[in-house]
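Take a look at the structure below.
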Amino acid sequence: MSIASDFKTFLDNIKVDNENTIALRYGEVTAALNKEFRETESKSANSLQVGSYGRWTAIKGISDLDMIYIVPATKWDTYKDGGHYSLLRDTRDAIKRRYPSTTVKVDRLVVRVLYKDFHIEVMPAFKLIDGSFKYPDTANGGSWKITKPQAELDEMREANVRKNRNLRRLCKMGRAWKNKHGVAMGGLLIDTLAYNFLESTDEYDTKSYLYYDYMCRDFFRFLADQPKQSEYRGIAFGIWRDLSGSCAERRDGFLSAGKPPGARFPHGHLPRCLR
């Protein structure tokens with residue numbers, strides 16, 4: 001076996017293996033909300049897949065999925081004045097009618113749909129003219145916040161092309177390493193750091209599987225050399241989730257990293273060449 005074939009096998013082994021189930025659940029949730037808000041039952045219109053699955057960086061065993069449901073602009077007057085919780089409640093009730101035996105609950109910014117094998121977090125939002133989204137936050141009496149997830153998705157796609165399709169693969173391998181060793185990093189932090197690493201060098205712009213041992217070595221060195229800091233600038237400044245993976249507020253363009261990254265790479269979890 002060659003290095004290239006080993007890495008191809010590795011990536012094949014960790015690829016998402018339940019796409020059909022995920023697509024079915026996304027479609028059913030979308031149809032339930034379209035029926036509630038638009039009196040149609042389209043399984044694809046008016047929803048946006050975000051998070052790792054939307055960025056195409058998810059791997060086998062993914063347990064949390066994210067989507068934005070685009071509420072019709074005509075409904076704004078119904079919710080604009082103090083209707084933050086009401087919008088989330090109506091979203092929850094519509095999904096609950098489709099899945100009466102499934103746990104569906106409001107959780108500050110989203111509605112969580114808890115299936116046995118994974119869960120979906122649904123954020124109802126109004127799409128604005130500039131492509132951003134206005135979504136409800138029920139904390140502290142309620143408010144409307146702005147997010148720009150499409151910019152993140154677009155930049156990840158474009159960067160993956162610029163980097164010879166290496167970005168998404170590196171994100172996936174980083175996730176597998178994180179999961180294997182229980183490293184306290186959110187998936188979004190993995191993606192952000194992989195993006196920052198490949199943007200910082202042109203060494204792998206024309207290389208592929210045969211050089212992935214070197215690419216992973218250099219990426220781990222990049223991680224080990226990260227300064228201690230509590231926030232990272234997000235990809236395209238459009239990420240609405242914090243780096244721990246839980247819903248939380250963020251300052252524009254920056255992501256909360258919780259513990260300093262320097263404390264997140266225990267000696268035993270680094271590749272042997274970097275210990």
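The values are calculated or read from the model by the stated rules, or taken from the named source; none is laboratory data. What you see is a predicted model; the values in this text were computed from it and never measured. As a convention, Cβ positions derive from the backbone with ideal geometry for all residues, glycine included, and neighbour counts pool all protein chains shown.
For the range 28-37, check the following and say yes or no: at least one residue is touching a Leu at 6+ places or on another chain (Cβ under 8 Å) and modelled with pLDDT of 95 or more. Reasoning before the result, please.
Here is the first cut: in the range 28-37, the ones touching a Leu at 6+ places or on another chain (Cβ under 8 Å) are none.
The answer is no, given that none of the residues of the range 28-37 is touching a Leu at 6+ places or on another chain (Cβ under 8 Å) and modelled with pLDDT of 95 or more.
Out of the residues in the range 54-79 meeting the condition of being modelled with pLDDT of 95 or more and in a loop (DSSP other than H, G, I, E, B), tell me which one is farthest from residue 191 (Cα to Cα).
The selected residue is 72.
Counting just the residues of the range 189-203 that are of a type in the set (Asp, Glu) and in a helix (DSSP H, G or I), which one comes out nearest to residue 56 (Cα to Cα)?
191
Among the residues that make up the range 9-20, is at least one of them free of Cβ contacts under 8 Å to residues at least 12 places away in the same chain and not in a helix (DSSP H, G or I)?
Filtering the range 9-20 down to residues free of Cβ contacts under 8 Å to residues at least 12 places away in the same chain leaves 9, 12, 19-20.
Now restrict to residues that are not in a helix (DSSP H, G or I): none.
No, every residue in the range 9-20 fails to be free of Cβ contacts under 8 Å to residues at least 12 places away in the same chain and not in a helix (DSSP H, G or I).
Quick one: is residue 200 at pLDDT 95 or above, of a type in the set (S, T, N, Q) and out of contact with any Pro (no Cβ under 6 Å at 6 or more places or on another chain)?
Working: at pLDDT 95 or above: yes; of a type in the set (S, T, N, Q): yes; out of contact with any Pro (no Cβ under 6 Å at 6 or more places or on another chain): yes.
Criteria met by residue 200.
List the pairs whose first member sits in the range 112-137 and is at positive phi, whose second member is surrounded by 14 or more Cβ atoms within 10 Å (Cβ to Cβ), and whose Cβ atoms are under 6 Å apart, counting only residues at least 6 apart or on separate chains?
Listed pairs, sorted by first residue: 131/150.
Residue check: is residue 78 touching a residue at least 60 places away in the same chain (Cβ under 8 Å) and assigned by TED's automatic domain parsing to the domain that holds residue 118? It would help to see each step written out before you state the result.
Details: touching a residue at least 60 places away in the same chain (Cβ under 8 Å): no; assigned by TED's automatic domain parsing to the domain that holds residue 118: yes.
Taking the combined requirement at face value, the residue does not satisfy it.
Looking at (1) surrounded by fewer than 20 Cβ atoms within 10 Å (Cβ to Cβ); (2) modelled with pLDDT under 95; (3) under 16 Å from the mean Cα position of the chain (by Cα), find the lone condition where residue 51 falls short.
Condition not satisfied by residue 51: (1).
All but one of (1) exposed (fewer than 15 other Cβ atoms within 10 Å of the Cβ); (2) outside the structural domain of residue 31 (by TED's automatic domain parsing); (3) in contact (Cβ under 8 Å) with a residue 24 or more places away in the chain hold for residue 161; state the number of the condition that does not hold.
Tallying (1) exposed (fewer than 15 other Cβ atoms within 10 Å of the Cβ); (2) outside the structural domain of residue 31 (by TED's automatic domain parsing); (3) in contact (Cβ under 8 Å) with a residue 24 or more places away in the chain, residue 161 fails exactly one: (3).
Just checking, which of 45, 94, 125 is part of a loop (DSSP other than H, G, I, E, B), over 30 Å from residue 14 (Cβ atoms) and at pLDDT 95 or above?
Working: 94 fails: part of a loop (DSSP other than H, G, I, E, B); 125 fails: part of a loop (DSSP other than H, G, I, E, B).
The unique qualifying residue is 45.
Kindly establish whether residue 172 is among the basic types (Lys, Arg), touching a residue at least 40 places away in the same chain (Cβ under 8 Å) and surrounded by 22 or more Cβ atoms within 10 Å (Cβ to Cβ).
Values: among the basic types (Lys, Arg): yes; touching a residue at least 40 places away in the same chain (Cβ under 8 Å): yes; surrounded by 22 or more Cβ atoms within 10 Å (Cβ to Cβ): yes.
It is true that residue 172 is among the basic types (Lys, Arg), touching a residue at least 40 places away in the same chain (Cβ under 8 Å) and surrounded by 22 or more Cβ atoms within 10 Å (Cβ to Cβ).
Looking at the range 176-199, which of the residues that are closer than 18 Å to residue 221 by Cα and under 11 Å from the mean Cα position of the chain (by Cα) is surrounded by the fewest Cβ atoms within 10 Å (Cβ to Cβ)? Reasoning before the result, please.
We begin by selecting, within the range 176-199, every residue closer than 18 Å to residue 221 by Cα; these are 176-178, 181, 183-185, 189-199.
After this cut, where a residue has to be under 11 Å from the mean Cα position of the chain (by Cα) as well, the list is 189-192.
On the way: 189: 24, 190: 24, 191: 27, 192: 22.
Out of the qualifying residues, it is 192.
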